[in-house]
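For reference, the structure is listed below as structure tokens.
The values are calculated or read from the model by the stated rules, or taken from the named source; none is laboratory data. Here the structure is a predicted model, which means the values were calculated and not measured. Cβ placement follows ideal geometry from the backbone for every residue including glycine, while neighbour counts extend to all protein chains displayed. Note: areas computed on protein heavy atoms with side chains; ligands, DNA, RNA excluded. Shrake-Rupley method; radii C 1.70, N 1.55, O 1.52, S 1.80 Å.
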Amino acid sequence: MKLMPYSLGVLPLTLLALLAPPSAAAPAAPADPVTAPGAASQRHSAAEISRFLAAFYGDHGPTPYDREHRVSQVLKERQGASPGADVLLCAQNEPRAIGIGPVTVAPSAGVGWATVTTHWGADAEAEAAAGPDATDTFTAYVRLDSRPIRLDDVICAG
């Protein structure tokens, strides 16, 4: 048995591959937008979502501009069907303060979310009844691929 160097043993296979007609080659699969290079950079990070929610909710709730331009159509329709309530705050009036909790991102689900805490008790009667700082919470959702970034859904806790 005569041993051949490795490079000579591979040479016939390389030549066959070069001589094969182009139609025999498998067609290239289209790039998957979720796993394509750069796709991760097109999705919102937890830090971006946190900054967005903090700016969106501010200290007392979203501005009229935010309500018009930075929410999903579903939330706009839900608000239209509930004129007596604020669906973006899960409330009927303006909170004294708002806090945004840590953001969780689920890339496979395409969403990120955070718990939003509203602080109430601005008037003396409410403070006497509920203590100095009554709070409520809800969850705010943002689609990772929304361009521009916007609030996609709100789920009230109670």
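Top to bottom by accessible area (1.4 Å), largest first, where do Ser72, Ser45 land?
So the residues, ranked largest to smallest area, are Ser45, Ser72.
At 1.4 Å probe size, put His44, His60 in order of accessible surface, largest to smallest.
Correct descending sequence by accessible area is His60, His44.
What nm value, rounded to one decimal, do you get for the distance between Ser108 and Asn93 when each label is placed 7 Å out toward the C-beta?
So the label points at Ser108 and Asn93 sit 4.5 nm apart.
Please sort 61-71, 93-103, 109-119, 75-85 by packing, taking for each peptide the average over its residues of neighbouring beta carbons within 10 angstrom, highest first.
Most protected by this proxy first, the peptides run 109-119, 93-103, 61-71, 75-85.
For the full complex of protein chains and a 1.4 angstrom probe, list Ile149, Ile155 by accessible area with the highest value first.
Ile155, Ile149
Could you give the length gained by full extension between Arg147 and Gln73, i.e. 0.36 nm per residue of separation minus their alpha carbon distance, to one decimal place?
Full-extension gain reported as 25.3 nm.
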